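Beneath this line is the structure, given in structure tokens, with notes to follow.
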Amino acid sequence: MPRGSHHDETGLLLEDHGQLSLSRDAGGTWRLDVSPSATRMVGCRVRVIGTRADFDLLDVSQI
């Protein structure tokens, strides 16, 4: 998958040392570049829409 590719993923929102990540329903994990207000959803199943910024990093446009 190239950088800049669009992604629409679902899974469990997790936090580790202040870094949010998405544990995907389909397997695998994305680190998320997202607003700190998203921490209120940690532990919830969410849908994340964003653009790939690095190997395992999504710039989130919607959560």
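Taken together, the values in this text are just the output of simple stated rules run on the coordinates, not laboratory data. Since this is a predicted model, take the numbers as computed values, not measurements. Cβ placement follows ideal geometry from the backbone for every residue including glycine, while neighbour counts extend to all protein chains displayed.
If each residue of separation counts as 0.36 nm, what is the full-extension length gain between residue 40 and residue 12 once their alpha-carbon separation is subtracted?
8.8 nm
May I ask you to derive the relative contact order of the chain, considering only C-alpha pairs under 8 Å and at least 6 residues apart, and to give it as an integer percent?
Working: 129 pairs, mean separation 23.7, N = 63.
After rounding, I find 38 percent.
Picking from 11, 27, 43, which is most flexible by a Gaussian network model of the chain using Cα springs under 10 Å?
27
Given charges of +1 on the Cβ of Lys and Arg and -1 on the Cβ of Asp and Glu, with all other atoms neutral, how large is the dipole of the chain about its Cα centre, in debye to the nearest 20? Could the numbers behind the result be given before it?
On the way: 7 positive and 9 negative charges, 26 e Å.
About 120 debye.
Which entry in (i) 10.4, 30; (ii) 12.0, 37; (iii) 13.6, 48 matches Rg and Dmax of the Cα atoms in Å derived from the coordinates of this structure?
(i)
Just grab the label-to-label distance for residue 57 and residue 33, each label 7 Å out from Cα along the Cβ direction, in nm (one decimal).
0.5 nm
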